[in-house]
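Here's the structure, in structure tokens; my notes come after.
Each reported figure results from applying straightforward, stated rules to the coordinates on display, with no laboratory input. For clarity, every value in this text was computed on a predicted model and none was experimentally measured. As a convention, Cβ positions derive from the backbone with ideal geometry for all residues, glycine included, and neighbour counts pool all protein chains shown.
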Amino acid sequence: MISAIIVAAGSGVRAGFRENKVLRELNGLPVLSYSLSAFAPLADEMLVACREEDKTEVNALLRPYPNARTVRGGKTRGESVCSALKEAAGDVVLIHDAARPFVTDKIIRDCIASVEAFGSGVCALPSTDTAVLAQNGEVKSVPPRDEVFTVQTPQGFYRATLLTAYERALAEGAEFTDDGGLYSKYVGSPRLFLGDRANKKLTFAEDFLPAERVGFGVDTHAFYDGDEGAPLVGFITLGGVRIPSDRPLKAHSDGDVLVHALMDALLSAAGLRDIGCYFPDTDEKFRNADSMKLLAEVSRLVREAGYSVANASVSILAETPRLSPHIEEMKRNLSAALNLTENAVGIAAGTNEKLGYIGEGKGITCYATVLLK
Ligand code: MG
């Protein structure tokens, strides 16, 4: 029989939340619910260790799972796990932190298989960074990278063995951040099995942002019409590229209609105000502004909001000038400004089949969509 012990007794202090972080919503569902639905098909019972003040809310989330119940969380993670171990009925226990909502079916099965084969199973990932041991800001030693792993949950053990170890640890006042560490002190070396990068622990406020957000932006600029005292420039600027044109575009800035649409898409995806708000065309500061510099600023605002750009897709509608010879250079400029590979920026250009203001050559319109991660 398999018992899953889901530790949900944390507070959310490191994320800066007032409430327990595992009760917060992530993409529309409370964080704890992800672990519940992952373990439910594979565990015979689920015990959720939670604080007394969260019990009502947690019980509401357990309603769809008749094999789940709450157990009293302790002052420390160790106390919570220990009291759950006493109440669990399974001979095998899988201990999992509710703050890791992306645990997969495969990880849980691999954990169970490891306990059955080796008596323990600790989910771990080989470190891709070099780790060092340091004291007082000085490196004391550098363990070989192929011997460094970061430990995740679930971690599986035989219940009786782990409970004995916990009772000894609590009697000695020893504290451990994970069960594998405790097991290795009181029982023996636990067996590692391969985790998944996606199985990350939600720790900071930005970890709770929606994983992906889409944004859309449009901009139109009119051409000068000859009799209006147009400036004597022989080009328009699109995607940071100067493209020969007998008529310039009317604008307060450099009139880069493509970059303006893209900036609005980025700001909108991040839930921010539009470019008119950040770079008003009534402000002399932005007269003849280089839109690529404004794009770099928008890119910074998006990063500050906690996102990075996954890809951008732009469509230009213009009767003239001919744009296809310039598309590759635009792609290079935009991908550099957004810190993307060139294949993450798509630019399409077409005419409007002589229809409407675009077709009559009176102006250019650009549409942009972006995906933020
Ligand atoms: Mg504009």
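With contributions of -39500 (n - 2.57) from each DSSP H run of at least four residues, the per-residue ellipticity at 222 nm computed over the chain stands at -9000 deg cm²/dmol. Measuring against 26 Å, Cα to Cα, the residue pairs Lys201/Lys331; Lys106/Lys140; Lys55/Lys86 contain Lys201/Lys331; Lys106/Lys140 as the ones spanning a longer distance.
Principal-axis analysis of the Cα atoms of the chain puts helix 257-269 at an angle of about 20° to the longest axis. Compute the angle between helix 159-172 and the longest alpha-carbon principal axis of the chain, please, reported from 0 to 90 degrees and rounded to the nearest 10. The angle comes out near 90 degrees.
Against the empirical 2.2 N^0.38 Å (N residues), the chain has a Cα radius of gyration ratio of 1.36.
Each part gets one Cα centre, and for segment 37-88 versus segment 334-373 those centres are 52 Å apart. The loop-placed chymotrypsin sites (Phe, Trp or Tyr not before Pro) in segment 1-95, going by DSSP, that have at most 15 neighbouring Cβ atoms within 10 Å of their Cβ come out as Phe17.
Averaging Cα coordinates gives a centre for segment 146-186 and one for segment 223-286; these two points are 61 Å apart. In loop segments of segment 237-327 as defined by DSSP, the trypsin sites (Lys or Arg not before Pro) with at most 13 further C-beta atoms inside 10 Å of their C-beta are Arg273, Arg287, Arg322.
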